[in-house]
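First the structure, in the form of structure tokens, and then the observations on it.
The values are calculated or read from the model by the stated rules, or taken from the named source; none is laboratory data. None of the values given here were measured: they were computed from a predicted structure. Don't worry about glycine lacking a Cβ; one is built from the backbone with ideal geometry, like all the others, and counts go over all protein chains shown.
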Amino acid sequence: MKLFFVIAWISVVGICSASAEVVDGANAADFERAKTMWLQGSDLDALQTLAELSRGGNVAAKILLSRIAQTPHLSGHVSEKLDRKERVSLFREPKGLSGRDWLKSASNESDLAAAMWAFQSSAASASNPVQYLEELIAHGEYKMALLYMKPLLFGEHGFSVAQLLVSHEADFGAAGRYVLGQFLVDTASKSAGSTEYSVQQADFAHGLSLQSNQNTLASIGSFPIGEAGITLPEDPQLRSEIADAVGALPEFEPLVNFCQQTCAPHDLQYCLASGAYAAPKGVLFPFPFASPAQSLVSDEEYIQSGRVMLDVGRILEIGQWSGCR
């Protein structure tokens, strides 16, 4: 299966994309107020408002509150100060002793929430996961979509998922190119002997090229470190390569800003390299510094907000960041 064949096939038959609904409650004044408080870093006030709105039936609030609760660096510093009853009351729907994830309730009221819940609860495999992926993509939920695309690429839905990666290449960026490269290498390896040798070799080579150091870093938070197996790069040349890769990736902009604000100029390179090493231990990749609900809080809003530097610091703290130097 050649990449240019996939692209050509898409150009002929197209991709049936889901149309993005406006999530119920997303334009409500109280939800906008809660979102603004959260972006300003007023966590407890914002979360209490989102919880109240969720209990009142606001679907957007249910989704955002669920995604924050599911993200340790966004909820852990709040929940650790609460007792069990307070945590359940703040973050979960009042169902049973331990409460229930608000996303479950929202899944009955919103196609977007249904797609999110299907993947989160592992129910997507029992139906049509590609349809759910299309729903996530239509709403701009690229982090969640790419996270669940990876395992689907190597099963019966692989070709359809690859089509989505190709048609939304600009949205998935370097992380998506890495995943597509994995698919091409796997497909070319399996088709050896059953297709023209030159085609199989070209697919394999192109797949490898898409798994460049920079794309690998964007997708899984890993960077080749040489034969020595150094975990935290002390070699200046290697440190420089990692820092350059971080600086070239738009999704790492918050880390770059954090290092520029936190460390002295002569420590910037070390901060970028050590930050890239610590981040995968503190947050799920890809798009480690993305909004927790890209459909409701855009990445642009989030990155420009007053809270993002605090969140980057929490990610690095969880990842046992070694500091500026």
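Quick look at the numbers
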{"quantity": "Every residue from region 282-306 that is surrounded by fewer than 17 Cβ atoms within 10 Å (Cβ to Cβ) and in contact (Cβ under 8 Å) with a residue 60 or more places away in the chain", "calculated": "284, 298, 301, 306"}
{"quantity": "Residues (over 15 Å from residue 68 (Cα atoms), part of a helix (DSSP H, G or I) and among the aliphatic types (A, V, I, L, M)) located in region 22-46", "calculated": "29"}
{"quantity": "Residue list for region 64-80, restricted to those being in a loop (DSSP other than H, G, I, E, B) and of a type outside the set (D, E, K, R)", "calculated": "70, 71"}
{"quantity": "Residue identified as within 20 Å of the chain's Cα centre (by Cα) and buried (at least 24 other Cβ atoms within 10 Å of the Cβ) among 147, 136", "calculated": "136"}
{"quantity": "Cβ pairs under 9 Å, 6+ apart, first in region 143-171 and aromatic (Phe, Trp, Tyr), second modelled with pLDDT under 90 and buried (at least 18 other Cβ atoms within 10 Å of the Cβ)", "calculated": "148/124; 159/1; 159/6; 159/187"}
{"quantity": "Close pairs (9 angstrom Cβ cut-off, 6 or more residues apart or separate chains): of a type in the set (Ser, Thr, Tyr) in region 88-100, surrounded by fewer than 16 Cβ atoms within 10 Å (Cβ to Cβ) anywhere", "calculated": "89/82; 98/84"}
{"quantity": "Cβ pairs under 6 Å, 6+ apart, first in region 46-62 and within 15 Å of residue 27 (Cα to Cα), second buried (at least 23 other Cβ atoms within 10 Å of the Cβ) and β-branched (Val, Ile, Thr)", "calculated": "59/23; 60/23"}
{"quantity": "Residues of region 114-142 classified as among the aliphatic types (A, V, I, L, M), closer than 18 Å to residue 295 by Cβ and either touching a Leu at 6+ places or on another chain (Cβ under 9 Å) or in contact (Cβ under 8 Å) with a residue 60 or more places away in the chain (or both), total", "calculated": "7"}
{"quantity": "Helices (runs of 4 or more DSSP H) fully within region 208-325 counting 1 or more residues that are charged (D, E, K, R)", "calculated": "236-248, 253-262, 268-282, 299-303, 308-318"}
